[in-house]
Amino acid sequence: MAEPELEVRRSARRRRTYTVFRERGRLVALVPARMTPAQVRELLPPLVEKFLRREAQRTLPASGDELAARARDLFRLHLAGRTGAELPAFTIRWVDNQNHRWGSCTTGEGSIRLSSRLRGMPTWVSDYVILHELAHLFVPDHSRAFHELLADYPQVERARAFLQGYEHAVNAEGGGEPD
């Protein structure tokens, strides 16, 4: 496996701590300014490895069957009590051609498609999008009834804000205006 690209940023404000995170798809390490190159070479690889391991654990399943199982679990936890109905038959899959939507649902067919852009996002954001699309199986529009279905998911507002912030950053970087 190829070694991931790592940008090292030195900070005069940091004294002892160092951290790794992902920014716009690349890994970034924040280290104290006084850290020597030898210390960086010695201390960062285990931290990067730990970060990548945790990141892999919190990503969504790749296969349709595992994704469907996750969707059913999310339905049971957050929507079943509000719908008062069984989850209708549905399919769910990743797609690479949704660049302006996070997900979509064809209610008549029960077909849910998730943008592959979600794969690198926190699971609470991806879970929100899955729940959002599952809710469309019961309420096809974005009415008050639709939003009431999502009220049991504790990360609703946080996930919406995350996605809006992400879109804003992407549009600002590309010079485009939000949709």
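The values are calculated or read from the model by the stated rules, or taken from the named source; none is laboratory data. Note that this is a predicted model, so its numbers are computed, not measured. Glycine gets a Cβ as well: all are built from the backbone with ideal geometry, and neighbour counts include every protein chain shown.
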For this session: Consider residue 85 carefully, then state whether it is in the same structural domain as residue 167 (by TED's automatic domain parsing) and in a loop (DSSP other than H, G, I, E, B).
Result: yes
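Check whether at least one residue in segment 76-93 is closer than 24 Å to residue 171 by Cβ and surrounded by 13 or more Cβ atoms within 10 Å (Cβ to Cβ), and report yes or no. Outline the logic, then answer.
Looking only at segment 76-93, we keep the residues that are closer than 24 Å to residue 171 by Cβ, and these are none.
Checked segment 76-93: no residue is closer than 24 Å to residue 171 by Cβ and surrounded by 13 or more Cβ atoms within 10 Å (Cβ to Cβ).
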Seminar exercise, completed: Filtering segment 17-42 for residues that are at pLDDT 85 or above and surrounded by fewer than 15 Cβ atoms within 10 Å (Cβ to Cβ) leaves a count of 10
For this session: Being assigned to a helix (DSSP H, G or I) and of a type in the set (Ser, Thr, Tyr) is the filter here, so list the residues in segment 96-122 that pass it.
Result: 116
Exercise. Going through segment 132-157 one residue at a time, which ones are surrounded by 14 or more Cβ atoms within 10 Å (Cβ to Cβ) and either of a type in the set (Lys, Arg) or part of a helix (DSSP H, G or I) (or both)?
Worked result: 132, 133, 134, 135, 136, 146, 149, 150, 152, 156
